[in-house]
Amino acid sequence: MIFVKNYKQIEKMRKAGHLLYEVLCKLREAVKPGMTTAALDAYAEELIRRNHAEPSFLGYQGYPATICASIDDQVVHGIPSDKVVLQEGSILSIDCGVILDGWQSDSALTVPVGEITPDKQKLIRVTEECFFEGARQAVNGNRLGDIGAAVQKHAENHGYGVVRALTGHGIGRNTHEDPNVPNFGETGRGIRLKSGMTLAIEPMITQGDYRVNMLDDGWTFVTHDHSACSHYEHTIAVGDGLPEILSLPGFSWADYSQSAGEGH
Ligand code: MF3
Ligand code: CO
């Protein structure tokens, strides 16, 4: 069942989203070669609690940490560890969720560790573009498949793989709500999107094969061919016009379209 949120509920999700954005900005700045992912996780938890919020992932279905820290061929759900030391040249997906006043936000970004190759820079950039291409379809009256189709088209235009086994999701009082939000699909298919639906859209894009496997830890997903993967996620609210990106304060679709060179 899909829970449609009212204005006041979205206001609370906006507050959670804005806090999460601040947390992720600080985590991005903290990433350095030589740092452990456990240290990054501890910093994330401290930032969240300092702001009177709670980490939503910690304890979720038994998940043991505040962030997911997924490196290179790891797609998502990498468990932070004091044995995992960040290496120059890697890319790191940091995924985090917060609960503030009962309402949730979920967001992820992929950051370079030190200097990375142009190939990896491009993968990160195109994955972010995939998110915006998908998110801009999240308009009252459109179909769920319009989102996935837009993500898939942009990724495949660049020769990348779109992970299918994992999807985005509805979000609100709960981390995962209906509907699932696939990153592939066909325009005009799926449920009709409605103002007040709140979704976490999260493309996971690979340099090669889109298939993934789970590691023996029961959490970490890696690409089947061990090609690098990038992940980018925001919590959005469907509206009558273009969606509000609740976890990206100050974002403007007009500015984005201009920087993408589209002039509209
Ligand atoms: N953003 C992640 C997802 O949507 C949330 C991970 S929940 C976890 O899958 F706590 F189980 F890791
Ligand atoms: Co998510």
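Restricting the search to strands (runs of 3 or more DSSP E) fully inside the stretch 61-130 and requiring at least 3 residues that are open to solvent by less than 10 Å² (accessible area, probe 1.4 Å) and more than 15 Å from ligand 2 (Cβ to nearest atom) gives an empty result.
Can you find a residue in the stretch 90-113 that is free of Cβ contacts under 8 Å to residues at least 60 places away in the same chain, in contact with a Lys or Arg (Cβ under 9 Å, 6 or more places away or on another chain) and closer than 22 Å to LEU215 by Cβ? Yes.
Taking the stretch 12-60 as the range and being charged (D, E, K, R), touching a strand residue (DSSP E or B) at 6+ places or on another chain (Cβ under 9 Å) and assigned to a helix (DSSP H, G or I) as the test, the residues that pass are LYS12, ARG14, LYS15, ARG28, ASP41, GLU45, ARG49. Remark: VAL181 matches the filter, which requires a residue to be open to solvent by less than 20 Å² (accessible area, probe 1.4 Å) and farther than 18 Å from ASP72 by Cβ. Tell me, yes or no, whether the stretch 26-33 has at least one residue that is exposed (fewer than 14 other Cβ atoms within 10 Å of the Cβ) and either in contact with a helix residue (DSSP H, G or I) (Cβ under 9 Å, 6 or more places away or on another chain) or modelled with pLDDT under 95 (or both). Yes.
Among the residues of the stretch 216-228, the ones that are touching a residue at least 60 places away in the same chain (Cβ under 8 Å) and within 14 Å of ligand 1 (Cβ to nearest atom) come to 4 in all.
For the stretch 145-174, filtered to residues that are among the polar types (S, T, N, Q) and within 30 Å of ASN6 (Cβ to Cβ), the residue that is nearest to ligand 2 (Cβ to nearest atom) is THR167.
The values are calculated or read from the model by the stated rules, or taken from the named source; none is laboratory data. Remember, it's a predicted structure, so these values are computed and weren't measured experimentally. Here Cβ is always computed from backbone atoms with ideal geometry, including for glycine, and neighbour counts include all displayed protein chains. The area values use the complete protein model at the heavy-atom level, side chains included, leaving out ligands, DNA and RNA. Shrake-Rupley method; radii C 1.70, N 1.55, O 1.52, S 1.80 Å.
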